[in-house]
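*Asks:* Pasting in a structure now, in structure tokens, and then I'll have a few things to ask.
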Amino acid sequence: ADAFVGGTPSDVALGLVTFSTTPSLLVAPTKDHAVVRRALAGVRAGGETALYDGILTSLDALRGHGDASLVVLSDGGDTTSTVGVDQLLRQLRTSAVSLQVVALTTRESAGEVLRRIAASRGVKPLAVAEATDLAAVFRGAASALSQQVSVRLPVPASLAGRQVTLGVAFSTPRGRVE
């Protein structure tokens, strides 16, 4: 996960939610990546698993933060959530959050659950069998964030209800993009 923090652009706010026996918002979204790194250093696996509640806690923490992305690392097991998977899937389907699911393969993996969670946002889980492969997966997730562009503009009243083509051009350190 440290590779994700290190690879995320500094203008992107990051947060951290753990979901052991109960979910915990360790760091609300912040652009101070050092705070997230310090919190990550203290995270240890243990206890039961409240995966579904943890994802809902993450969605709540992301409200009001504009374009938001959620990266979930799990083996898919859930033993203590107060909501079921179907309720979670309904919440995910209606959210505007981009989702990436990193499926850690263990003896207790619930891969089908992670496939359903990922599919609720139109993506596929990234399977990781070895902990040593996590850094590369997290670097890829961070890289995807650095390639996103958000365009917002008010729709003029004269265009309301009409289909139009919008052209967008901008400059990056690598050149102009149209």
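*Asks:* Post the alpha-carbon centroid distance, the stretch 47-98 to the stretch 124-138, in whole angstrom.
*Replies:* Answer, in whole Å: 19.
*Asks:* While we're looking at this one, here's another question. Determine, at each q value in 0.10, 0.22 (inverse angstroms), the log₁₀ of I(q)/I(0) that the Debye formula gives when each Cα of the stretch 29-145 is one equal point scatterer.
*Replies:* -0.30, -1.59
*Asks:* For the stretch 1-86, what Kirkwood radius comes out of the mean inverse Cα-Cα distance, in Å?
*Replies:* 13.4 Å
*Asks:* What's the carbon and sulfur percent of the stretch 88-178's accessible surface, probe 1.4 angstrom, rounded to a whole number?
*Replies:* Looking at the stretch 88-178 in its full context, I get 52 percent from C and S.
*Asks:* Additional query: Just to be sure I understand the model, the point goes 7 Å from the Cα along the line to the Cβ. What's the resulting R37 to V83 distance in nm?
*Replies:* For the pair R37/V83, the computed spacing is 3.3 nm.
*Asks:* Work through the residues other than V85 whose Cβ is under 15 Å from its Cβ and net out their charges, Lys, Arg +1 and Asp, Glu -1.
*Replies:* Spelling it out: positives minus negatives among the neighbours equals 0.
*Asks:* While we're looking at this one, here's another question. Quick one: the Cα spread of the stretch 132-174 along its three principal axes, in angstroms, biggest first?
*Replies:* 55, 24, 14
*Asks:* So, one more: If all Cα-Cα distances of the stretch 34-79 are sorted into 5 Å bins from 0 onward, what percent lands in each bin, rounded to whole numbers?
*Replies:* 5, 16, 20, 27, 21, 9, 1
*Asks:* Helix 51-62 versus the longest principal axis of the chain: what angle, 0 to 90°, nearest 10, using Cα atoms?
*Replies:* That works out to roughly 30 degrees.
*Asks:* Another one. Got a number for the accessible area of D32? Probe 1.4 Å, square angstrom, nearest 10.
*Replies:* My reading of the accessible area for D32 is about 70 Å².
*Asks:* Any idea what angle helix 134-146 forms with the longest principal axis of the chain, computed on alpha-carbon atoms, 0 to 90 degrees, nearest 10?
*Replies:* 20 degrees
*Asks:* How far is helix 85-94 tilted off the main Cα axis of the chain, in degrees rounded to 10, range 0 to 90?
*Replies:* Tilt relative to the chain: about 10 degrees.
*Asks:* When ligands, DNA and RNA are left out and all protein chains stay put, how many square angstrom of accessible area per residue does the stretch 14-77 have with a 1.4 Å probe?
*Replies:* Accessible area per residue: 49 Å².
*Asks:* What accessible area per residue comes out for the stretch 93-167, rounded to a whole number of Å², with a 1.4 Å probe?
*Replies:* About 70 Å² of surface per residue is accessible.
*Asks:* With a 1.4 Å probe and all protein chains kept in place, how do T132, T79, T49, T165 rank by accessible area, largest first?
*Replies:* T165, T132, T79, T49
*Asks:* Counting only helical runs of four or more DSSP H residues, what would the 222 nm mean residue ellipticity of the chain come to if each run contributes -39,500 (n - 2.57) and the total is spread over all its residues?
*Replies:* Computed mean residue ellipticity for the chain: -9500 deg cm²/dmol.
*Asks:* Measuring from label point to label point, each 7 Å out along Cα→Cβ, what is the T172 to D133 span in nm?
*Replies:* Computed distance between label sites T172 and D133 equals 2.7 nm.
*Asks:* With every atom except the alpha carbons ignored, what do you get for Rg and Dmax of the stretch 89-165, in angstroms?
*Replies:* Cα radius of gyration and Dmax of the stretch 89-165 are 17.7, 59 Å respectively.
*Asks:* Express as a percent, rounded to the nearest 5, the fraction of DSSP beta bridges in the chain (both residues included) that run antiparallel.
*Replies:* Roughly 45 percent of the DSSP beta bridges within the chain come out antiparallel.
*Asks:* Please give the FRET efficiency for T22 paired with E108, using the beta carbon to beta carbon distance and R0 = 30 Å, rounded to the nearest 0.05.
*Replies:* For T22 and E108, the calculated efficiency is 0.95.
The values are calculated or read from the model by the stated rules, or taken from the named source; none is laboratory data. Model, not experiment: these values are computed from the prediction. For neighbour counting, all protein chains shown are included, and Cβ atoms are generated from backbone atoms with ideal geometry for every residue, glycine included. For the accessible areas, the whole protein counts, side chains as well, though only heavy atoms, and no ligand, DNA or RNA atoms are used. Shrake-Rupley method; radii C 1.70, N 1.55, O 1.52, S 1.80 Å.
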